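Undergrad: Got a structure for you, questions after.
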Amino acid sequence: MTHDHDLVLRPTAAQTEAALNPPPGRNGGDLVVETLAGLGATTVFGLPGQHALGMFDALRRSDLRYIGLRVENNAGFAADAYGRITGEAAPLLLSTGPGALTSLAALQEARAASAPVLAISSQVPTAGLGGGRHGYLHELPDQAASFRGVVKSVHTVRTQSQIPSAIAEAWTSALTVPHGPVWVEIPQDVLLAETAAPVVTGGDTFPEELPPRPELTAVAADLLSRAERPAIIAGGGVVRADASKKLRQLAERLQAPVVTTFGGKGAFPWTHPLSLQSWLEDRHTTDFLEDADVLLVVGSGLGELSSNYHTFRPRGRVIQIEADLGKLESNHPALGIHADARLALQALLETVGERTDPGAPERVRAVLDKVRERIASQELTLEQDVLAAVRRALPPGAPSFWDMTILAYWAWSAFDAEAPNAMHSAQGAGGLGYGFPAALGAAVADPTHPVLAVSGDGGALYSIAELATARQYDLNVTWLIVDDGGYGILREYMTDAFGQPTATELTRPDYVALAESFGVPGVRTSPKTLEADLAKALAAPGPSVVVLPAVLRMFAPTHLD
């Protein structure tokens, strides 16, 4: 009898020849890029540095495509978006100390959004590991310690023979649900030393699946089948698991209204009769969800933004499906099911009974009508017109990436993503500067569609250097910059809280002239001409910038009432 663990993959003749006669001039960096290629990587992002030169020198001997950005944090955002779009682990090559640390904010966003990023950093020479304080350039007492609270797993390499296995282990970690960023660090001397190791030719990894426990899905199916007023909150876990079709099937079988979180945009069709859309920052939606006798939460931890700033108080039974174990019941008591959203929804589809509830669509329409009435009473026509113009200008299938700016806050609630995995923002960690470099990563991942980036003028200043990247690689990204003269949302927050803003006003450049200085076409638009100007820019190949001078306002919050 042969068991699976008895099977051994036999090398091919070509692999044997490569192993016995490796080409000369290889170093530890070659082991890195060979391992990445063996795992299936085709593209890497990053920024070179003195300790990491062994990896970057090896790139020219490989078939990997290198996309170099100008700031490490932006390179991390680009890798994040590449991972979200492709579902593959996106390699991010960085140098030691300052270069590594500059990526932390991007890795925090990737962790919060479950984006698979494989960060590989150099380290000081091996003799400097362990906090001996030898005074090496870029030396930290414990570089890995800075990343342990941010990434899923940390892997420190000390010898060349450890490189392939460490990277493969990290790759598996990044792609095991919940997806997320991982960290590998390799000392400078290990990367630079010549190697006699065979060329890395294998590297298949098999991330573990996370199926639900059957006794839990049996109870969940029974609760949902007997519910009188079921409802569903669909989070980013549905999008990451590619489970949108299964979600729709379950919602229709149960006749359960569905609201998507800001990270779950596109997980459920916007105009579906059961769609409550994404108006989570609205008391009418919160009241409706609180009234559900059985609430199914899929792929969400019901955090601050998904719970109307923790004012949500469910009165019925909560069923929570979540791949991140730490998020189960972290905010509300529930029947917690630790599982991948796709596998859990499939299990429910196989066991749940069909409900008839002809009144469900009418209850959904009633909630949305109340939301529209509330917004209409606030005289926010400009904001709604601008968002509608962006939606009309964006071609079908084109993804959009939104920075932390007022128009993005509107989009979280009011923008129809039109498809799963098509709208992305930095709402996971909430850092500035995400939109444009992330859009560049998405354009690298899929050059068949134009990509839209949306920033405010404050967030845009984080990413200006990447206009050079967009031009260098001729990436098909249109960058909409809403210029309101400062940090607009902070201006509103401070005015509401203290009567006047402080430190929110900015001196900024002429963004059109600045874009053109990089060789990137730019145009200044207005709310009336935005749709036409944006559509034209998106239709033209290569990068472009559209600047909209406008002061937008947020709709009134309901969580403070």
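The values are calculated or read from the model by the stated rules, or taken from the named source; none is laboratory data. Please read all numbers here as calculations on a predicted model, not as lab measurements. With ideal geometry, Cβ positions are generated from the backbone for all residues, glycine too; neighbour counts draw on all protein chains shown. For the accessible areas, the whole protein counts, side chains as well, though only heavy atoms, and no ligand, DNA or RNA atoms are used. Shrake-Rupley method; radii C 1.70, N 1.55, O 1.52, S 1.80 Å.
Undergrad: Pick from segment 296-320 the residues that are charged (D, E, K, R) and either in contact with a strand residue (DSSP E or B) (Cβ under 9 Å, 6 or more places away or on another chain) or over 19 Å from residue 265 (Cα atoms) (or both): which of them is most open to solvent (accessible area, probe 1.4 Å)? It would help to see each step written out before you state the result.
TA: To start, the set of residues in segment 296-320 that are charged (D, E, K, R) comprises 304, 313, 315, 317.
Now restrict to residues that are either in contact with a strand residue (DSSP E or B) (Cβ under 9 Å, 6 or more places away or on another chain) or over 19 Å from residue 265 (Cα atoms) (or both): 313, 315, 317.
Details: 313: 140, 315: 158, 317: 113 Å².
Only one residue tops the list, namely 315.
Undergrad: Do we have any residue at all in segment 64-81 that's over 21 Å from the mean Cα position of the chain (by Cα) and either modelled with pLDDT of 95 or more or in a loop (DSSP other than H, G, I, E, B) (or both)?
TA: yes
Undergrad: Could you check segment 377-408 and list, in sequence order, the residues that are within 24 Å of residue 283 (Cα to Cα) and open to solvent by 30 Å² or more (accessible area, probe 1.4 Å)?
TA: Residues satisfying the conditions are 377, 378, 379, 381, 382, 384, 385, 388, 404.
Undergrad: May I pose another question? If you take the residues in segment 196-241 that are of a type in the set (Asp, Glu) and over 16 Å from residue 297 (Cα atoms), which one is least open to solvent (accessible area, probe 1.4 Å)?
TA: Out of the qualifying residues, it is 215.
Undergrad: If you don't mind, there's one more thing I want to ask. Restricting the search to segment 409-433, which residues are touching a Gly at 6+ places or on another chain (Cβ under 8 Å) and open to solvent by less than 30 Å² (accessible area, probe 1.4 Å)?
TA: 417, 422, 423, 425, 426, 433, listed by residue number.
Undergrad: Could you grab me the full set of residues in segment 457-470 that are open to solvent by 10 Å² or more (accessible area, probe 1.4 Å) and either aliphatic (A, V, I, L, M) or within 23 Å of residue 391 (Cβ to Cβ) (or both)?
TA: 461, 464, 465, 468
Undergrad: Here is a follow-up. Please state which one of 538, 530, 506 is within 18 Å of residue 485 (Cα to Cα), among the hydrophobic types (A, V, I, L, M, F, W, C) and under 29 Å from the mean Cα position of the chain (by Cα).
TA: Working: 538 fails: within 18 Å of residue 485 (Cα to Cα); 530 fails: within 18 Å of residue 485 (Cα to Cα).
When all the criteria are applied, what remains is 506.
Undergrad: Within segment 222-261, work out how many residues are free of Cβ contacts under 8 Å to residues at least 24 places away in the same chain and among the aliphatic types (A, V, I, L, M).
TA: Qualifying residue count, segment 222-261: 1.
Undergrad: Now a separate question. Do you know which of the residues in segment 130-160 that are farther than 22 Å from residue 56 by Cα and touching a Lys or Arg at 6+ places or on another chain (Cβ under 8 Å) is surrounded by the fewest Cβ atoms within 10 Å (Cβ to Cβ)?
TA: That would be 141.
Undergrad: Also, quick follow-up: Check whether at least one residue in segment 183-199 is over 29 Å from residue 24 (Cβ atoms), touching a residue at least 40 places away in the same chain (Cβ under 8 Å) and in contact with a Leu (Cβ under 9 Å, 6 or more places away or on another chain), and report yes or no.
TA: Initially, segment 183-199 is screened for residues over 29 Å from residue 24 (Cβ atoms), giving 183.
Those still in the list that are touching a residue at least 40 places away in the same chain (Cβ under 8 Å) too: 183.
Now drop any that are not in contact with a Leu (Cβ under 9 Å, 6 or more places away or on another chain), which leaves 183.
Taking every residue of segment 183-199 in turn, at least one turns out to be over 29 Å from residue 24 (Cβ atoms), touching a residue at least 40 places away in the same chain (Cβ under 8 Å) and in contact with a Leu (Cβ under 9 Å, 6 or more places away or on another chain).
Undergrad: How many residues, within segment 24-40, are under 29 Å from the mean Cα position of the chain (by Cα) and either in a helix (DSSP H, G or I) or crowded, with 24+ Cβ neighbours inside 10 Å (or both)?
TA: Count: 10.
Undergrad: Let me ask you something else. For segment 298-339, enumerate the residues that are touching a Pro at 6+ places or on another chain (Cβ under 6 Å) and more than 18 Å from residue 223 (Cβ to Cβ).
TA: Within segment 298-339, 323, 324 qualify.
Undergrad: Quick one: in segment 169-202, of everything that is aliphatic (A, V, I, L, M) and part of a loop (DSSP other than H, G, I, E, B), which residue is farthest from the chain's Cα centre (by Cα)?
TA: 196
Undergrad: Here is a further query. Say whether the condition of being in contact with a helix residue (DSSP H, G or I) (Cβ under 9 Å, 6 or more places away or on another chain), part of a loop (DSSP other than H, G, I, E, B) and modelled with pLDDT under 95 is met by at least one residue in segment 4-18. Full working, then the answer.
TA: Quick first cut of segment 4-18, residues in contact with a helix residue (DSSP H, G or I) (Cβ under 9 Å, 6 or more places away or on another chain) only: 11.
Then keep just the ones that are part of a loop (DSSP other than H, G, I, E, B); that gives 11.
Those still in the list that are modelled with pLDDT under 95 too: 11.
Yes, segment 4-18 has at least one match.
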